[in-house]
Amino acid sequence: MIYCVEDEGSIRELMLYALRTSGFEAEGFSDGQALFSALSAGKQPSLILLDIMLPGMDGIEILKRLRSKHATQDIPVIMASARGTEYDKVLGLDLGADDYLAKPFGMMEMISHIRAVLRRTQPKAKPEHLQFGQLNMDLSQHQVTVSGQSVQLTRKEYELLRLFLENPGRVYTRDQLLESIWGIDFAGETRTVDVHIGTLRTKLDACGEYIRTVRGVGYRLEVKA
Ligand code: CA
């Protein structure tokens, strides 16, 4: 499924038509708000084609938001912007998009860029399980066990633990954890992170000590030496 965010209806329809006749499933959105409500409904496109000039939130802001959230940070994004100064400026910003298209572009050009990015970013086979010491997370069942015993976690606790298990040893600051798990719009304090780490450690029982405090910095997953 390819998502196209483009406010000009005629261009959007043309893109969707070209995509569908090339064998892709495609859905169009006229602004960031519509895109984010589709994303928060749990749908996960394989690529987003994102126009820069949009009413409300612009494409740059949308990309930042996508990249800041765990659920959407890996979705490949192709940014489209008007040829000339706007395009040069966007390239210069190095926003971390997977590719850039200069408008106006031909539909065949668009399709070949999309195919190239999809080939390049083809997700590696995702693991079904994450395991660390006596901790096991079954991603398909959404279940966590400690030494074989099932543990009930809240959604945030689960996401926190998943982030640690996916990146063992990596140090996360409280701000990074807030951004990654709660999102940049969350008007909370870093204390929220400490509270959740605290309950997570308690629930993980003997494995709670895997989540180590890095004094003055944050947390990381590590076996106690
Ligand atoms: Ca536009």
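Laboratory data are not the source of any read-out in this text; all were calculated from the coordinates shown. Bear in mind the structure is a predicted one, so any value in this text is a computation, not a measurement. Cβ: placed from backbone, ideal geometry, glycine included. Neighbour counts: every protein chain shown.
Against the longest principal axis of the chain, how steep is helix 155-166, in degrees 0 to 90 to the nearest 10, with axes from Cα atoms? So the inclination is approximately 90 degrees. Calculated FRET efficiency, residue 173 to residue 223, Cβ-Cβ distance, R0 = 25 Å: about 0.75 to the nearest 0.05.
This ranking places 95, 19 by how few other beta-carbon atoms lie within 10 Å of each, fewest first, which gives 95, 19. The distance separating the Cα centre of the stretch 177-201 from that of the stretch 122-153 comes to 21 Å.
Available extension along the chain between residue 1 and residue 38 is 12.1 nm, counting 0.36 nm per residue and deducting the alpha carbon span. For the pair residue 213 and residue 10, the difference between a 0.36 nm per residue extended length and the Cα-Cα distance amounts to 67.7 nm. On a 0 to 90 degree scale, rounded to 10, what angle separates helix 190-203 from the longest Cα axis of the chain? It is inclined by approximately 50 degrees.
In terms of distances greater than 19 angstrom between alpha carbons, the cross-link table entries 64/89; 64/156; 43/126; 69/156 yield 64/156. Pairs of Cα atoms in the chain fall into 10 Å distance bins, from 0 up to the last occupied one, in shares of 7, 29, 28, 20, 13, 3, 0 percent.
Across the stretch 38-48, coupling constants 3J(HN,Hα) worked out from phi with the 6.51/-1.76/1.60 Karplus curve, θ = phi - 60°, read 5, 5, 6, 6, x, 6, 10, x, 7, 6, 10 Hz, and Gly and Pro carry x. Each residue, residue 94 and residue 190, gets one label point 7 Å from its Cα in the Cβ direction; the gap between the two is 2.6 nm. Neighbour counting of Cβ atoms within 10 Å sorts the residues 126, 43, 64, fewest neighbours leading, into 126, 43, 64.
Note on residue 143 and residue 70: the extension gain reaches 24.4 nm, defined as 0.36 nm multiplied by sequence separation minus the Cα-Cα distance.
Counting neighbouring Cβ atoms within 10 Å and putting the fewest first, the residues 69, 89 line up as 89, 69. Placing unit charges on the Cβ atoms only, positive for Lys and Arg and negative for Asp and Glu, gives the chain a dipole magnitude near 820 debye about its Cα centre.
Considering only 187, 80, 102, the mean-square fluctuation computed in a Gaussian network model of the chain, springs between alpha carbons under 10 angstrom, is largest for 187.
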